[in-house]
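See below for the structure under consideration.
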């Protein structure tokens with residue numbers, strides 16, 4: 001049996017047809033969902049990018065232990081476990097944060113391919129390449145840091161000539177190349193591939209035809225990387241409604257671009273004769289605030305529904321006999337690794353492993369097999385040392401630890417408005433975002449903070465949350 005993971009960064013479930021969206025074109029992911037077990041209540045527990053991947057790789061919680069940092073020597077990533085069980089392993093990614101010095105997310109992989117140039121990746125350093133920022137809205141670069149990020153990205157992509165130069169296309173092509181090489185060598189079993197695409201993460205820079213599928217009435221300069229710096233950076237009060245609608249259209253265009261290339265990848269997996277014998281998982285690390293709760297982008301440590309809910313679907317191999325279905329139970333990122341190890345029956349061989357994982361997540365295999373329907377009755381989410389949250393079917397509660405310090409983003413500190421009052425929302429699980437031209441401020445799944453009116457509900461949820469957090473300190 002093979003294991004193939006397709007990780008898509010910052011992909012919101014409510015922006016996919018298979019999760020109910022009626023206006024964004026995602027035919028390939030939707031088709032994949034029809035063959036899969038789709039989890040409607042999947043959440044990242046510790047965010048953002050790197051903590052989520054740590055939880056996915058290790059099956060252990062991060063929220064109360066570690067934030068944006070490397071894999072530690074005592075961590076046992078999934079790739080090492082599978083390598084130790086006779087799998088050939090590969091990581092192919094453009095998520096440059098994983099590639100930064102000392103991060104060590106490549107541990108356990110036989111083959112690693114980094115696609116360079118995403119966002120602020122210092123890939124092209126030629127001083128002779130000039131960037132004309134007058135072609136871009138100043139709201140891409142309110143501070144020197146934001147200016148440097150945008151400038152670096154534009155340098156990195158200055159040589160692009162076609163859609164195939166976009167990062168998701170590069171990642172998919174490299175993944176296909178590696179799979180083709182394995183099959184050419186006669187290997188069609190015990191393959192582990194982690195395809196990690198930074199798209200549809202900002203910069204929201206899809207080819208023009210993809211943006212035009214969703215473009216609102218907007219006549220301003222492009223905003224592909226909304227500035228998070230400055231006094232108001234990252235808040236919608238800094239952007240006009242047409243600008244927000246424009247940003248949302250860029251994001252939708254990125255998703256349709258990603259869907260196309262995910263479809264190309266899946267078709268090649270089928271052509272290579274790997275589809276039936278493979279466990280294929282499509283997942284995202286977190287979502288993307290697009291104006292909800294007054295926030296643009298996800299660097300603010302507020303784990304609202306639009307950020308913490310993730311895409312999570314599993315296409316089982318034919319031999320498992322599991323049928324496609326939708327699952328309502330709550331699941332979390334820590335469940336991925338133990339599910340894979342359980343499904344591959346690796347626990348039977350654990351005595352001979354040189355690496356021994358200790359999982360805190362729950363195996364979802366009984367859910368896949370239809371033996372169980374319930375895993376959890378709630379999910380937690382947050383940012384290490386910054387925010388905690390819990391959601392049930394009907395409510396979501398947010399707590400802001402008193403010991404919060406200015407949020408670190410690289411070497412830059414943003415002093416935010418202190419949020420110490422809890423927030424409780426009646427969660428609208430039927431919410432779906434409208435097309436950009438119809439979106440308005442306040443359009444979101446959590447509309448009104450009802451903490452003052454429902455303090456007993458908040459008290460019960462807080463007690464439940466704190467009991468969970470105490471177990472994972």
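Annotations for the structure displayed:
- Highest to lowest packing among 35-48, 69-82, scored as the average C-beta count within 10 Å: 35-48, 69-82
- Extension gain (nm, one decimal) between residue 358 and residue 430, 0.36 nm per residue minus Cα-Cα: 22.3 nm
- The chain: calculated mean residue ellipticity at 222 nm from DSSP helix runs of at least 4, using -39500 (n - 2.57): -8000 deg cm²/dmol
- Relative contact order, percent, the chain [alpha-carbon distance under 8 Å, six or more residues apart]: 25
- A simple spin-label model places the labels of residue 437 and residue 219 1.6 nm from each other, with each point 7 Å out along Cα-to-Cβ.
- Gain on full stretching of the segment that runs from residue 65 to residue 345 - 0.36 nm per residue minus C-alpha separation: 97.9 nm
- The range 297-337 and the range 244-276: distance between their alpha carbon centers, rounded to Å: 18
- For the range 251-397, the gyration tensor built on C-alpha atoms gives an oblate shape. Its axis ratio a/c (a ≥ b ≥ c) is at least 1.5, and a/b is not larger than b/c.
- Taking label positions 7 Å along the Cα-Cβ direction at both residue 189 and residue 455, the computed distance is 6.4 nm, reported to one decimal.
- In the set [x] 166; [y] 143; [z] 201, the label that goes with volume of the Cα convex hull per residue in Å³ computed for this structure is [y].
- Separation between Cα centres of the range 107-183 and the range 442-465, rounded to whole Å: 41
- Among 288-301, 111-124, the peptide with the highest mean count of other Cβ atoms within 10 Å heads the list, and the full ranking is 288-301, 111-124.
- Sequence of 256, 95, 240 once ranked by neighbouring C-beta atoms within 10 Å, starting from the fewest: 240, 256, 95
- Peptide packing for 20-32, 319-331 was compared via the average number of neighbouring C-beta atoms within 10 Å per residue; ordered from the highest value, the list is 20-32, 319-331.
- In nm, spacing of pseudo-spin labels at residue 393 and residue 177 (7 Å Cα→C-beta vector): 5.0
No value in this document is a laboratory result; all are computed from the given coordinates. Not measured: the values here are computed from a predicted model. Using ideal geometry, Cβ is built from the backbone for each residue, glycine included, and neighbour counts are taken over all protein chains shown.
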